[in-house]
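The values are calculated or read from the model by the stated rules, or taken from the named source; none is laboratory data. Predicted model, so just to flag it, every value in this text is computed and none were measured. Cβ placement follows ideal geometry from the backbone for every residue including glycine, while neighbour counts extend to all protein chains displayed. We work out accessible area using only protein heavy atoms, side chains counted, and drop any ligands, DNA or RNA first. Shrake-Rupley method; radii C 1.70, N 1.55, O 1.52, S 1.80 Å.
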Number of protein chains: 2
Amino acid sequence: MSQRDFVSAEEVAQRAGVSRSAVSRAFTPGASVSEATRQKVLQAAEELGYQVNHLARGLMRNESGIVCLIVSEVATPYRSALLRELTQQLQIVGKVAMLVNTDRSDGSVDRALQQAIRYRADASIILSGLPDKSITQLCLRSGQRLVLINRDDDQPGPLRINLDDHEAAGRVVTAFVRAGCTKLAFANSEAGTPSLMAREAGFIAAAKAHGLDVVVERYGWTGYEAGKLVAQRLLTQSERPDAVFCATDLLACGLMDAARHQFSLSIPDQLCVVGFDDIEQASWSSYDLTTFAQPVAAIARQAVTWLGESPSSDRLEGHSVTLHAELAWRGSVRGG
Amino acid sequence: MSQRDFVSAEEVAQRAGVSRSAVSRAFTPGASVSEATRQKVLQAAEELGYQVNHLARGLMRNESGIVCLIVSEVATPYRSALLRELTQQLQIVGKVAMLVNTDRSDGSVDRALQQAIRYRADASIILSGLPDKSITQLCLRSGQRLVLINRDDDQPGPLRINLDDHEAAGRVVTAFVRAGCTKLAFANSEAGTPSLMAREAGFIAAAKAHGLDVVVERYGWTGYEAGKLVAQRLLTQSERPDAVFCATDLLACGLMDAARHQFSLSIPDQLCVVGFDDIEQASWSSYDLTTFAQPVAAIARQAVTWLGESPSSDRLEGHSVTLHAELAWRGSVRGG
DNA sequence: GCAGCATTTGCACACGCTTGCAAAAAGCGT
DNA sequence: ACGCTTTTTGCAAGCGTGTGCAAATGCTGC
């Protein structure tokens, strides 16, 4: 294998004329070192290009500084935005992100968590998929923190961060009603994740409260193409909907494009559309989509600060946080 | 601190009734263990939920299995797509990605590389920014491999993966000329990275070869908003361009939206547009943008296979790979 | 100068793993 | 049964670091 040769604390100690422990202490905030030797060490380290070996440090301290991010569909706008916030927040508190892509087969979330354990990650943050309960238990038993984002699992132990999907979906109905819409539809994928289903259920429930029915169409994976296909199905029905709530902005973009370019419908005059996530493209003037903003920064902050807190408090019970999704009014619904 | 308690090889050995070394060997492919004890160990490990400590393993083997990805603007479509491919490819060869976000201040690329060294990453892949030469030297001296993607640096040592930007830009001119365009423009940002500048230079050079002038406009950061603003500047000129090559798809999207919605221009009838990157949105029917496809999968494969090769071959000279950007013909240019 | 105290320093062990080496066990041909 | 070779096994050293403990050093006030 490659002949790797990083400089060690030993060499620094030798050059600075001190003991190896002095070097260690010089790099440990709050350790007992005189300013004089600290400077000698730091200079020697600088000259040699010494960097503390975090593998060894993690081994000793029993704290690696690694946080594992488990995520599929990394290249999706919402996911990548969340990724950006998480990595940034983590770095601020001195941790580093290990990214595990679970796009391949399923059950790979479990293997991802195993990977996290192998590297003795201080915590794992799961953005997609759901781990097997046994693996979750193993993580907690090993003292690894766990954060579930937007996966409404009821296992105790992990921190669960969710949005008020159900309630938010209700607010869409009133918006549609105020715009004078009567034939409501919901566009979803077949993924069936809890958050998607909560939006669907909330929408239907609120519609019923207004005495309105809603046509539901689900197709494939939650992306642009699926949105186009759902549009085909919805807009060719005998009673064409005049308002559709899409479970996701990507679905909404696909649906809007199909509505305009294939069915020559004008938005919002003939069709009102609302999405969810507030991805960057939602604000592009071709879409100008009214949508719910995922508070990605707040989500990331919640997750990271929880990691910093003392774990003793609610180790057994776990913690659940519900954040508010604010409706970003744009031009895809009449009468904002 | 948290009382972490992972199960160790010692406990597994005890339960399986073998020595520590047997456990170690059971988890080392190709090590000398009898099938019988191997099974005993594996079962005990399974029951206890044992996972090899990769920090300790990395310390011994002098090979962490970590590859550091250094990247800014993670949430950008092109970057996130590259990220997806890289993580996937890395996982296939049994490595794991450590993601360092350099969005904050500059010079942070250097700090990111220091982080990579601290964790004894086997390699670092730089997707954005450029490291200081001294840090690069330190990495190489320490035996850490380095890959630069689309940053045309001439330092020896690292693997440099680039596209044929200059030549590709030339092909745009012929496409525009064939479409009957005569008033060419180039839309760029002020980022000034080598790949962006190569596209600009290639475009101008090829235009000159055809006896055509080109108006260049640069503004801000390479994104959608910049595209809109560049459009304002370009389309209000006395001699309005009839064809514009955008250094990036995001710029192109912004420019197209402005052209259509603010200037009521029809694309491609009154204005031809070509972009670069082939982000997902380029194929959305609202844009249907003719653009150059970044061969993200090929780039990732190149990087990862190079990491697997023996380092002895060209340690000093480094290696440079130029990949081909294929033009994806769509509807934003007349007469594909 | 010296006792008394606070601060700094070095030694040595521990963390969990891999691996060379020699001893033990197993296979094999006669 | 024996000697021989091949495989398997345990011991112990080592990877680079943090840290408790005791020794050493530096101060302060007489």
A:Met197-A:Ser264 FRET efficiency (beta carbon distance; Förster radius 35 Å; 0.05 resolution): 0.60
Long-range amide H partners of B:Phe292 with built H, under 5 Å: B:Gly275, B:Phe276, B:Asp277, B:Asp278, B:Ala328
The protein assembly as shown shape via C-alpha gyration tensor axes, a/c threshold 1.5: oblate
Pairs beyond 23 Å (Cα-Cα), from A:Lys183/A:Lys228; A:Lys95/A:Lys133; A:Lys183/A:Lys208: A:Lys95/A:Lys133
Relative packing of A:9-18, A:158-167, B:261-270, A:122-131, which averages over residues the other C-beta atoms within 10 Å, highest first: A:122-131, A:158-167, A:9-18, B:261-270
Spatial separation of Cα centroids for the range A:217-262 and the range A:163-208, in angstrom: 14 Å
Long-range amide H partners of A:Asn53 with built H, under 5 Å: none
Cut-off 15 Å between beta-carbons: net charge of the residues surrounding B:Gln89, Lys and Arg +1, Asp and Glu -1: +1
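Over the whole of A:116-129, what's the average partner chain Cβ count within 10 Å per residue? Rounded to a whole number, please.
Details: counts 2, 8, 9, 12, 7, 0, 2, 1, 0, 0, 0, 0, 0, 0.
Partner-chain Cβ atoms within 10 Å, mean over residues of A:116-129: 3.
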Distance between the range A:85-154 and the range A:22-62 - C-alpha centres, whole angstrom: 30 Å
Only Lys, Arg (+1) and Asp, Glu (-1) charged, at Cβ; the range A:9-52 dipole about Cα centre in debye: 140 debye
Cβ-vector label at 7 Å, A:Val215, separations to other copies in nm: 4.7
Within a Gaussian network of chain B (alpha carbon springs, distance under 10 Å), most fluctuating of B:Gly170, B:Gly143, B:Gly308: B:Gly308
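Can you give the mean number of other chain Cβ atoms that lie within 10 Å of the Cβ atoms in peptide A:65-76?
That works out to 4 on average.
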Cβ-derived FRET efficiency at R0 60 Å, A:Glu10 paired with A:Gln237, nearest 0.05: 0.20
Dipole magnitude of the protein assembly as shown about its Cα centre (Cβ charges: Lys, Arg +1; Asp, Glu -1), debye to nearest 20: 1340 debye
By average C-beta atoms within 10 angstrom, highest first, the peptides B:179-189, B:228-238: B:179-189, B:228-238
A:Arg141 accessible area, assembled protein chains, probe 1.4 Å, Å²: 150 Å²
Inter-copy label distances at B:Gly94 (7 Å, Cα→Cβ; nm, one decimal): 3.4
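Apply the a/c threshold of 1.5 to the C-alpha gyration tensor of chain B and tell me whether it is rounded, prolate or oblate.
Values: a/c = 2.87, a/b = 2.51, b/c = 1.14.
Prolate, since a/c reaches 1.5 and a/b exceeds b/c.
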Label 7 Å beyond Cα on the Cβ vector: A:Ala36 copy-to-copy distances, nm: 6.5
Shielding by partners, peptide B:79-91 (average Cβ within 10 angstrom, other chains): 5
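Once you have a ≥ b ≥ c as the square roots of the Cα gyration tensor eigenvalues for the range B:77-131, tell me rounded if a/c is under 1.5, and otherwise prolate or oblate according to whether a/b is larger than b/c. Present the calculation step by step, with values, prior to reporting the outcome.
Numbers: a/c = 2.73, a/b = 1.26, b/c = 2.16.
It is oblate, given that a/c is not under 1.5 and a/b is not larger than b/c.
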Long-range amide H partners of A:Leu99 with built H, under 5 Å: A:Leu69, B:Ala97, B:Met98, B:Leu99
